[in-house]
Amino acid sequence: MKDEVMETASTERRRWWRSRWIVWVGVSFAVLVVAGALAVEWGLRQMQPMLRKKVVETLSARFHSPVELDRLELSMTREMIVTGGGLRILYLAGPTKPDARPDAPPMLEVDRFEFRAGWRELLRPTTRLVTVKVQGLRVNIPPKGERGVREPDDPKRSGQSALGIVVDRIECTDAKVTLETSKPGKKPLEFAISSVVLTDVGAKKPLNYTAVLVNPKPVGEVRSTGHFGPWQGDNPRDTPLDGDYEFTHADLSSIHGLGGILSSTGKFGGTLGNLTADGTTETPDFRLDISDHAVPLHTEFHAVVDGTTGDTWLDPVRARLGRTEITARGAVTRAVGVPGHNTDLSVVIERGRLEDILSLALKSNPPLMRGALAANVHFVDPAGPVSVSRKMRAQGTFAIKEGMLNNPEMQAKMDSLSMRAQGRPKQANAQEAEVVGSALSGKFSIANAVLDVTDLDYKMPGAEMLADGQMLLVPSTFEFHGKVRTQATASQMTTGWKSMLLAPFDKLLKKNGAGLELPIKVTGTRSTYDLRLDFPHDTRAPAGLPTPAK
């Protein structure tokens, strides 16, 4: 019995010591955890100003500029997480002149940034970061005359790294680059960048980039990959840039007066101030608001672009509108005083189709006439909020061969008129008349959606019309005045008693080597026309003279 009591007491003592030991271990562990947390907190507080200083000194040495940093915070998980914001670099290209723009904004601003690294990496003289994430990047480049002179590199540091932090990859979202201008009335050029990834980031070598931009007009998304830099601080225009791009789902309706969805691919290279670009565009449903008829448009272009102003010189653009081949040369330059760009092009059509141009410009469907077209045009589209079809200006010359009217009744009347003009009145009927084509040439100008035509020379077998006139593109009406000359005399254009009645007038109506010359007036709409004599005081023709009408 005594032995059992002693054994029980011994067991209870062992349990008591075991429980006390567990308590002490638990307390000790808790103390260690708290101490560790305090140590980490203390370490982070000690490292924070040191890391902040390293960031500021690195950027200041890189850009020779004062650097401001509002906040920098450290947190610890498996690795060190560094976040910051309110970063401002005053100059990217040397100090701004004191008397230039004292209120000039910082050249580079960052709303927020984040990167991760091991704590040992942060303590090294040169910290290498794998990825830095940047949100809300703003780059403001003033005009060259306001940038001052870049400070030269310190010769004592030649051959040594001037950077306390080296970054392998930068991921930016919501970025904007603004290129200021010193020209009065000219707005700065802005580039909105949805996202950009920079790799192989280095001070003295080009970096790789992948970017997604939102093009303002026409609205669409541009994806580009290539190389950028090294940055030329004293003159950013000389900074090298190259790459390939893809421009998709560009809505042309964002340009007032146009319509269609454009896509484009190509490549470019050079410097920011002088980029050479080659590419193609496809717009399967290109249209103008004055007709709203869709015509497929394909272009191939070679261009020189000033990336700091957006000015573009096209030499050449080869386009195919429907079946019409067009070559254009000229420039698209930023306007002064109004938003947008001025377009000034010289256009040559050597192998074109009249129906393609009329479909684009007129509401009539099918277009009034078809035929082979050649033209030389000087085209100007000034900047401004007005519809393209109303503010564009054009002037030039044109020539049409084998012109045929698309309205069968109208074409039949022209065939009949041709038979009579040739002195073959017995064949001037729908059954026997030969189908004839017409040839047209003349000069034209377009302004305020009005087409003016001068020196119009309209020829068909047996007849020629010389006229001047005007066409309103909206609502597709026209009126021409001139004279018609025929091969046959008045009496030869009819048969029977009408021919005998007109015979005495043949000598009177003959003029300038023509069998008949009379003043005429042609008016019409998108699908009909009215041809009649145009005497100043008497609109009636001599008895028996055929007068085609609608």
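Structure summary
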item	result
Alpha-carbon centroid distance for the pair the stretch 286-301 / the stretch 391-454, whole angstrom	25 Å
Inverse of mean 1/r across different Cα pairs in the stretch 294-378, Kirkwood, Å	14.3 Å
Residue 530-residue 255 pseudo-label distance in nm [points 7 Å out on the Cα-to-Cβ vector]	3.9 nm
Cubic angstrom per residue, convex hull over Cα atoms of the stretch 407-533	98 Å³
Per-residue Cβ neighbour rank within 10 angstrom, fewest leading, 238, 356, 381	238, 381, 356
Charge dipole of the stretch 407-533 about the Cα centre (unit charges at C-beta), most positive-ward option of 428, 499, 458	499
Order of 369, 493, 76 under a 10 Å beta carbon neighbour criterion, fewest first	76, 369, 493
Nonlocal amide H pairs with residue 406, under 5 Å, H built at 1.01 Å	369, 370
Distance between modelled label sites at residue 280 and residue 386, nm, 7 Å Cα→Cβ extension	3.7 nm
Extension gain, residue 235 back to residue 168 (0.36 nm per residue minus Cα-Cα distance, nm)	21.6 nm
Using θ = phi - 60° and Karplus 6.51 cos²θ - 1.76 cosθ + 1.60, couplings along the stretch 288-297 (whole Hz; Gly, Pro as x)	10, 5, 6, 10, 6, 8, 7, 10, x, 10
FRET E, pair residue 481, residue 214, Förster distance 30 Å, beta-carbon r, rounded to 0.05	0.05
Using a Förster distance of 60 Å, the FRET efficiency for residue 466-residue 126 (Cβ separation, nearest 0.05)	0.10
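Quick note: the coordinates plus some simple rules give every number you see, no bench work behind them. Keep in mind it's a predicted model, so treat the numbers as computed, not measured. When we count neighbours, we look across all protein chains shown, and the Cβ atoms used for this are built from the backbone with ideal geometry, even at glycine.
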